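Q: The structure's right below; bear with me while I get my questions together.
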Amino acid sequence: MAEAADELSAPLGRDVARGKRRFRPPFTGMQALAAGLGLVLATFAGYAMFNDDPLGGEPRARVAIMPAQVNGKAAGKTETASTEKSAGAPHHGEPAASSARPAAPADQRTVTIIDGSSGARHDVTISGDTPEKDPATPGGIMPGIDPRLLEKGRYGMIPTTAGGLKPVTAYAGAVDQAKVAKMPIVSVVVGGLGVGAAKTMDAILKLPAAVTLAFTPYGSDPTKLVERARAQRHEILLQVPMEPYDYPDNDPGPQTLLTTLAAEQNLDRLYWHLSRFQGYAGIANFMGARFVATDTAMLPIVREAAKRGLGYFDDGSARSLAPSLAAAQAMPFAKADLTIDSVPTSGEIDRALAKLEELAKERGFAVGVASALPISIERIGAWARTLDSHGVLLAPLTSAMTKSKSS
C-alpha cells in the first residue's frame, strides 16, 4: 500500500526509486557448519567401512629383514605390524611387496619407525641378539635341552616325559650325591627373576651355582636369561603367577591362574607359562596365597605338572595344599622353611641364614627363599663361602626334594 501511494503522489514522468531487496541465503551459518561437519564424518565413516585395513589407527613399525645373499642377490622382506600391548600376545603381520636390497649381515635388521601423527619415518639399524642354537637340535629349542622332553603345545614347546626320563631329573643341578647322602644340606631359591635384566644377571653371575634360580614368565627375553643361568650351572624353576587374597589390587601379571576360572581355563594359562622358556626342573607359585589354598583350583595344576615330570616348590604359604596334593601325585616337592630377606638388612639376613644351618643339622636339610635384592645376593654369597667349614653342603633344590622324601 505504501508503494502504491508513492506512485500516485510522484510527479508525472519520474520513476519512483524502489528499495533493493536484500539476499537471504536458504540456510543459516550454524546450519552450514553442521552440514560441513556431517560431510567430514560421512567421508571418514565411508573410508573406515570400505578401506580394508585391519590395523587402521594403530601405531606401526616397518621392519626390513635382510637375509643372506642367495646366488649373488639379496632377497628382502618387509613386514608392517601393529604394536602389541600385552606380554606374550601374538603378533599379526601385514606383508608388503618385497624388494631387492643390498646384502646385510645375517644378524642385522633395519627398523623403520613411522610417526602416527606426522607420518615422519626414521630408519634404525639394530643388531640381532638372539642366542646361537645348537645345530643338533630342532629350531626353536634352547641349547642343552633334550628334545625328547618337549612337545608342541598351543603356545609353543612345553615339557613332557619320555619313558622314564623326566625334566625334574634331567635338569636337576649338578651335585656330589655322596656328600648329599652324608652331610646336612641347605638349598636356597632366589625368585622373581626375568623381569629386570640387571638384577637377574647379578643373581646369575654372583651367586654360587648351587643356588636355584626361579624365573617369572615375564620379561622381554626370558629365554636368553635362562640360557645364561643354565650356562652358569644354576638349576632353574618356572614361577607360575597365581591368585593372591587381595587380587586384583595385588596382581601377579597377565595369565594369572584364578580360583574363579574353570579348570580348563587355568590349564590353558598354565600351558602359556610353560611355553615361555625351557630347561626348568619344576614349577613354583608366584604369589598365589588364595589359589594354593583352594583345592578345586590347585589340584588340576599339580596333577598336570606331575604328569609332565616336573617338581613343585612351595614358597611357604601357611594354608597351601601343595604338600598333600604333591604327595598324592608322587611328585618331587619342597617347601620353603623361611624367607631369608623378609627383613632386608645385613644383620637379619645373616641371622636367617644361620637359622637355616641349624635346621639343616637338626633334620638333614633346610630350604630358604630370597629375592634378588643386592644385599641378599651379597650376603648369600658371603655365607656360602663359609659352609664347608661348618660341615653343611649348599645344594640345588632338587637335592632337598630327594632328601626330604627319604627322610
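Just so you know, all these numbers are worked out from the coordinates, no wet-lab data involved. It should be emphasised that the depicted structure is a prediction, and the values quoted were computed from it without experimental measurement. Here Cβ is always computed from backbone atoms with ideal geometry, including for glycine, and neighbour counts include all displayed protein chains.
Q: What number do you get for segment 236-312 when its Cα radius of gyration is normalised by 2.2 N^0.38 Å, N = residues?
A: 1.00
Q: Still on this model: Quick one: the Cα spread of segment 312-407 along its three principal axes, in angstroms, biggest first?
A: 39, 27, 18
Q: Across every pair of different alpha-carbon atoms, what Kirkwood hydrodynamic radius in Å does segment 160-243 reach?
A: Taking the inverse mean of 1/r over all distinct Cα pairs, segment 160-243 comes out at 13.9 Å.
Q: Sticking with this structure for a sec: Distance check, please: which entries in Lys206/Lys307; Lys307/Lys355; Lys182/Lys355 exceed 32 angstrom between their Cα atoms?
A: Distance filter (> 32 Å) returns Lys206/Lys307; Lys307/Lys355.
Q: What span do the alpha-carbon atoms of segment 144-303 cover on each of the three principal axes, reported in whole Å from largest to smallest?
A: 45, 37, 33 Å, listed from the longest principal axis down.
Q: Test of the criteria: in segment 310-382, which trypsin sites (Lys or Arg not before Pro) are in a DSSP loop and have at most 13 other Cβ atoms within 10 angstrom of their Cβ?
A: Arg319
Q: What FRET efficiency comes out for the pair Arg233/Ala181, r = Cβ-Cβ distance, R0 = 22 Å, nearest 0.05?
A: The value I calculate is 0.60.
Q: For Asp388 and Lys361 in one chain, what is 0.36 nm times their gap in residues minus the Cα-Cα distance, to one decimal in nm?
A: 8.4 nm
Q: Step through the residues of segment 177-194 one at a time and calculate ³J(HN,Hα) from phi using the Karplus curve (6.51 cos²θ - 1.76 cosθ + 1.60, θ = phi - 60°), rounding each to whole Hz and writing x for Gly and Pro.
A: Values, residue by residue: 5, 5, 5, 4, 5, 9, 10, x, 10, 10, 10, 10, 10, 9, x, x, 8, x Hz.
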